[in-house]
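Q: One structure, pasted below without further comment.
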Amino acid sequence: MNSKRQSGMALITVLLVMALALLIVSGLLRSHEMMVASIGQQVRFLQQWQLAVTGENYARALLAAEHGDAAASTHLDQPWTHSQRLQLDQGQVLVKIEDRASRFNLRALTRKGQIDRVTLQRWQRLRDALGIKSLGPEELQGMSLLELEQLRSLPGVDRALMQRLQPWVSLLPVSAGLNINTVSSTLLSMLEGIDESVVDQLLRQRPENGYATVQAFNEAANAQQLTIGGHGLAVSSHWFHVTVEVQQNGQTLYLFSDLERGPEKNQVRVIRRSVSRLGSDQAS
């Protein structure tokens, strides 16, 4: 009887050991599968990242090719203004470039610690056009803005307001002027002396290759009985925002890059990058 009992206990022990071994092996297999899946995700991300950087380099080459015109003018008849779709073996890449100087430069509101009155009046007109009551001069003065998201710390600024504001503003050096050769109708209408009735006409009259000087723009405005000062205006730009959209095997990756075109030939450097699976750059 004892022999049978011992045999039964031995069988139970063997079964328990086998069950434990199966659990361990099953756990190891799951861990291995997760590791393989993780490695696969990393490999796919690296492939998409390489495609995104390829698109960014393409944008840099386009901007460098326009270097001869950089000192004269930056306008909408240049190749960089057109979206470029690259069909590569590993996937599809869409490249879009925007002139950051076509937006209102928030940093230009303050010069040498003092509010710039002309720029302030333009900012107030833009706020009115966008229906924004907050972000007055008393709130912005003294802020050292490194990215737009810092505005969220101010009273009355929520995500909905930021989404409404982001397409129209930028953070550039104080000396960067608003590029009248790439500016939109909304931002053109914030200039002193301009109302909605003449904005479209001014845009239609804008030369295809842009104004060569701010004075030429002022002369065109004078012909419409408008008096616009040249303060804070420009006809060229050194700052651009690039959106690279990568499509690969049903997955999408976005690379957002801020570029600066320097005075030297082929000098286009990356100032900032961010990566997202979503189609919006929260820091722009």
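Q: Being surrounded by fewer than 15 Cβ atoms within 10 Å (Cβ to Cβ) and either in contact with a helix residue (DSSP H, G or I) (Cβ under 9 Å, 6 or more places away or on another chain) or closer than 25 Å to LEU130 by Cβ (or both) is the requirement here; does GLN215 meet it?
A: no
Q: Restricting attention to segment 193-205, which residues are assigned to a loop (DSSP other than H, G, I, E, B) and small (Gly, Ala, Ser)? Walk me through how you get there before you give the answer.
A: Filtering segment 193-205 down to residues assigned to a loop (DSSP other than H, G, I, E, B) leaves 193-195.
Answer for segment 193-205, where residues must be assigned to a loop (DSSP other than H, G, I, E, B) and small (Gly, Ala, Ser): just GLY193.
Q: Under the condition of being at pLDDT below 90 and of a type in the set (A, V, I, L, M, F, W, C), which residue from segment 248-284 is nearest to ARG100 (Cα to Cα)?
A: Only one residue tops the list, namely ALA283.
Q: Looking at segment 241-280 only, could you name the residues that are within 18 Å of LEU51 (Cα to Cα), polar (S, T, N, Q) and free of Cβ contacts under 8 Å to residues at least 40 places away in the same chain?
A: THR252, SER274, SER276
Q: Here is a list: VAL174, VAL199, VAL183, VAL169. Which entry is without any contact (Cβ under 8 Å) to a residue 60 or more places away in the chain and either within 20 Å of ARG103 (Cβ to Cβ) or not β-branched (Val, Ile, Thr) (or both)?
A: Values: VAL174 fails: without any contact (Cβ under 8 Å) to a residue 60 or more places away in the chain; VAL183 fails: without any contact (Cβ under 8 Å) to a residue 60 or more places away in the chain; VAL169 fails: without any contact (Cβ under 8 Å) to a residue 60 or more places away in the chain.
Result of the check over VAL174, VAL199, VAL183, VAL169: VAL199.
Q: With the requirement that a residue be touching a strand residue (DSSP E or B) at 6+ places or on another chain (Cβ under 9 Å) and assigned to a loop (DSSP other than H, G, I, E, B), what does segment 206-225 give you?
A: First, pick out the residues of segment 206-225 that are touching a strand residue (DSSP E or B) at 6+ places or on another chain (Cβ under 9 Å): 210, 214, 217-218.
Across segment 206-225, the qualifying residue is only GLY210.
Q: Here is a list: ARG152, ARG127, ARG122. Which entry is free of Cβ contacts under 8 Å to residues at least 24 places away in the same chain, touching an Asp or Glu at 6+ places or on another chain (Cβ under 8 Å) and not in a loop (DSSP other than H, G, I, E, B)? Can you show your working first?
A: On the way: ARG127 fails: touching an Asp or Glu at 6+ places or on another chain (Cβ under 8 Å); ARG122 fails: free of Cβ contacts under 8 Å to residues at least 24 places away in the same chain.
Answer to the selection: ARG152.
Q: Given the options SER175, SER134, name the one that is at pLDDT below 95, part of a loop (DSSP other than H, G, I, E, B) and touching a Gly at 6+ places or on another chain (Cβ under 8 Å).
A: Working: SER175 fails: touching a Gly at 6+ places or on another chain (Cβ under 8 Å).
Within the list SER175, SER134, the selection yields SER134.
Q: Being touching a residue at least 24 places away in the same chain (Cβ under 8 Å), surrounded by fewer than 17 Cβ atoms within 10 Å (Cβ to Cβ) and more than 30 Å from GLN251 (Cβ to Cβ) is the filter here; which residues of segment 94-115 pass it?
A: ARG111, ILE115
Q: Here is a list: VAL242, VAL268, VAL198, VAL235. Which entry is touching a strand residue (DSSP E or B) at 6+ places or on another chain (Cβ under 9 Å) and more than 19 Å from ALA64 (Cβ to Cβ)?
A: Working: VAL242 fails: more than 19 Å from ALA64 (Cβ to Cβ); VAL268 fails: more than 19 Å from ALA64 (Cβ to Cβ); VAL198 fails: touching a strand residue (DSSP E or B) at 6+ places or on another chain (Cβ under 9 Å).
Just a single option satisfies the conditions, and that option is VAL235.
Q: Which of (1) in contact (Cβ under 8 Å) with a residue 40 or more places away in the chain; (2) part of a strand (DSSP E or B) does SER237 not meet, given it meets every other one?
A: (2)
Q: Please indicate, with yes or no, whether at least one residue in segment 137-148 is at positive phi, surrounded by fewer than 14 Cβ atoms within 10 Å (Cβ to Cβ), part of a loop (DSSP other than H, G, I, E, B) and not aliphatic (A, V, I, L, M). Step through it out loud before you land on a result.
A: Initial filter on segment 137-148 (at positive phi): 142.
With the extra rule that they be surrounded by fewer than 14 Cβ atoms within 10 Å (Cβ to Cβ), the set shrinks to 142.
Next, only the ones that are part of a loop (DSSP other than H, G, I, E, B) stay: 142.
Then drop every residue that is not not aliphatic (A, V, I, L, M), which leaves 142.
So far as segment 137-148 goes, yes, one or more of its residues are at positive phi, surrounded by fewer than 14 Cβ atoms within 10 Å (Cβ to Cβ), part of a loop (DSSP other than H, G, I, E, B) and not aliphatic (A, V, I, L, M).
Q: Turning to a different aspect of this structure: With respect to LEU161, determine if the residue is in contact with a helix residue (DSSP H, G or I) (Cβ under 8 Å, 6 or more places away or on another chain) and part of a helix (DSSP H, G or I).
A: Taking the combined requirement at face value, the residue does not satisfy it.
Q: Give me the residue from segment 149-196 that is under 18 Å from THR119 (Cα atoms) and of a type in the set (Gly, Ala, Ser) and, out of that set, surrounded by the most Cβ atoms within 10 Å (Cβ to Cβ).
A: Among residues in segment 149-196 that are under 18 Å from THR119 (Cα atoms) and of a type in the set (Gly, Ala, Ser), the one surrounded by the most Cβ atoms within 10 Å (Cβ to Cβ) is SER170.
Q: Do we find that GLY91 is within 15 Å of GLN247 (Cβ to Cβ), touching a residue at least 24 places away in the same chain (Cβ under 8 Å), out of contact with any Leu (no Cβ under 6 Å at 6 or more places or on another chain) and not basic (Lys, Arg) in this structure?
A: So GLY91 does not fit the description; no.
The values are calculated or read from the model by the stated rules, or taken from the named source; none is laboratory data. Not measured: the values here are computed from a predicted model. A quick note on method: Cβ atoms are made from the backbone with ideal geometry, for glycine too, and the neighbour counts reach across all protein chains shown.
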